[in-house]
Structure formats: C-alpha cells, structure tokens
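Undergrad: Next up is a structure, given as structure tokens.
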Amino acid sequence: MKIEPSTLYGKELHDFLSSTVIPRPIAFVSTVNTEGRYNAAPFSAFARLTVDPPVLVLAIGRSKGRKKDTVRNIEAVGDFVVNMVDENIVQAMNQAAAEYPPDVDEIKEVGLTAIKSAKVKSPRIAEAPFSVECKLMQILELGEKPNRSSIIFGHIVMLHVKDEVMTNGKIDPLKAKIVGRLGDGNLYCYTTNTFSLGRPKYQPPA
Ligand SMILES: Cc1cc2nc3c(=O)[nH]c(=O)nc-3n(C[C@H](O)[C@H](O)[C@H](O)COP(=O)(O)O)c2cc1C
C-alpha cells in the first residue's frame, strides 16, 4: 500500500504521521508563566538533537488555532524543563495532557511535586527519574495557520538524575524504566524488554 501525505487531511494525516516514528519518548515539559504559575504537559514530538552544543527539540502544535500554554510560557520566560516519564508517573503525565485553563497549576493538579531548578526559572518535577533543564535557543514557526507548529530548540544547561537509576556514573535504562508512546492513540510501551547488539567492524575481503 502506498500513502501520499498530501492526500490526507486533519486528524487522518496527524494520526498517520504520528505512526511513522514509533516508539517515541515523551518529554513531560514543566514551565512557569510570568505570574509564577506552573504548567506541565507531555510532548512526544521530541528528540535529543545535537551534543555540541547540547540541544534538544520539541514540536508543539496549536490548540484550536491558539498557542498552547507551554509555548506561551517558554516564549515569555525563556526556559523549560523536560522531565522523563517512567512507569510511576505515566498516569499523571497523561492526566496533565487534559486542556486545563492557564491559571491551573497542572503539576499539583495531577498529584506531582514541583521543585526549584538549578539554572532556569521553570520548575522540575521531583518524581521524574531524570529532568533536563533547558534555556530557549530558538523557536521556528512551521506551517500555515491554523495548524502551525512551534519548533522549540532548547540548550541543555543542567541534568538531574535520581541516584537509584544510575549505574557506574551513567543513566541505566533498565533502572530508569522510561515509557514510550506508540502511534497517536492510547498505546504506550515499556522499555525493559531489551537486547544487546554489538557494533560491527567492517571486514575487508581477504
Ligand atoms: C503522550 C502525549 C504526547 C503528546 N505529544 C504532543 C506533541 O508532540 N505535540 C503537541 O502539540 N501536543 C502533544 N500532546 C498534546 C498536549 O500534551 C496537550 O495539547 C496539552 O493540553 C498541552 O498543554 P498546555 O496547553 O499546558 O501546553 C501529547 C499528549 C500526550 C498524552
């Protein structure tokens, strides 16, 4: 079967494209607005982009044609925190995806704890296995109204990792138990069923 994206529209196109990159990690993004109110929401259009400089990227769409609270806070304050989602906070992360009014502290509302970050104004989520503090580098607006997306580049300035998910000074994926998102619906995956593949070396013909 061949599918040409230009023949699909709206939700059908969104759902189809969301299934082309699976599984996806979830950035549970915590921010603060100019009045000091906290916000948190999940975004799976998310990747660690470059190492030098250390940059990650998020793609955040519009909600009924309006910028989402996360984007408005990042633009106004200039930073954000990406909290990774494990099996313990996956329910709370999902709850935070509901469209709360801007004056609701979503971190508290979903039963999580906001704590002060080290280098940014946005709070981090205490229960996350690890959190990544980012300063806003650049926002690229892609697409036409009303479906425009804000592509947010964040410069990583600090990482917080719980001791219990570390092994020999590194984040241990088997301990961190991060969950992934599959497609666009309600399907998620665990990352604890793993296997190892050694990196091959090219063997020139004898
Ligand atoms: C697992 C998951 C992943 C999501 N990924 C995205 C995403 O990549 N981009 C996006 O615009 N919305 C995404 N959403 C929807 C937002 O979380 C939702 O619109 C949220 O209400 C935005 O909150 P805010 O207005 O507080 O920023 C996702 C939702 C879930 C549950």
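The values are calculated or read from the model by the stated rules, or taken from the named source; none is laboratory data. These numbers were taken from a predicted model, which means no experiment stands behind them. FYI the Cβ positions are ideal-geometry reconstructions off the backbone, even for glycines, and counts take in every protein chain you see. All accessible areas refer to the heavy atoms of the entire protein, side chains included, with ligands and DNA or RNA removed. Shrake-Rupley method; radii C 1.70, N 1.55, O 1.52, S 1.80 Å.
Undergrad: First compute the accessible area of the chain with a 1.4 Å probe, then give the percent of it belonging to carbon and sulfur atoms.
TA: Its accessible area is 54 percent carbon and sulfur atoms.
Undergrad: Taking GluC sites (Glu not before Pro) as candidate sites, keep only those in a DSSP loop with at most 12 other Cβ atoms within 10 Å, then name the longest stretch of the chain containing none of them.
TA: Answer - 36-98.
Undergrad: So for 192, 34, what's the accessible-area order with a 1.4 Å probe, most first?
TA: 34, 192
Undergrad: With respect to the cross-link table entries 64/145; 67/145; 121/175; 68/145, which display a Cα-Cα separation exceeding 18 Å?
TA: Flagged as over cut-off: 121/175.
Undergrad: For the full complex of protein chains and a 1.4 angstrom probe, list 103, 52, 172 by accessible area with the highest value first.
TA: Ranked list, largest accessible area first: 52, 103, 172.
Undergrad: Accessible area of residue 175, 1.4 Å probe, to the nearest 10 Å²?
TA: 90 Å²
Undergrad: Give the residue list of chymotrypsin sites (Phe, Trp or Tyr not before Pro) in region 103-206 that are DSSP loop and have at most 15 other beta-carbon atoms within 10 angstrom.
TA: 190, 195, 202
Undergrad: Which loop-located chymotrypsin sites (Phe, Trp or Tyr not before Pro) does region 1-42 contain, where loop means any DSSP state but H, G, I, E or B and the Cβ has at most 14 other Cβ atoms within 10 Å?
TA: Answer by residue number: 9.
Undergrad: Is it possible to state the helix-based mean residue ellipticity at 222 nm for the chain, with each DSSP H run of 4+ residues giving -39500 (n - 2.57), the sum divided by total residues, to the nearest 500 deg cm²/dmol? What is it?
TA: Taken over the chain, the calculation gives -4000 deg cm²/dmol.
Undergrad: Note down the magnitude of the dipole of region 24-189 about its Cα centre, charges +1 on Lys and Arg C-beta and -1 on Asp and Glu C-beta and zero elsewhere, to the nearest 20 debye.
TA: Approximately 320 debye in magnitude.
Undergrad: Would you rank 121, 177 by solvent-accessible area, highest first, keeping every protein chain in place and using a 1.4 Å probe?
TA: 121, 177
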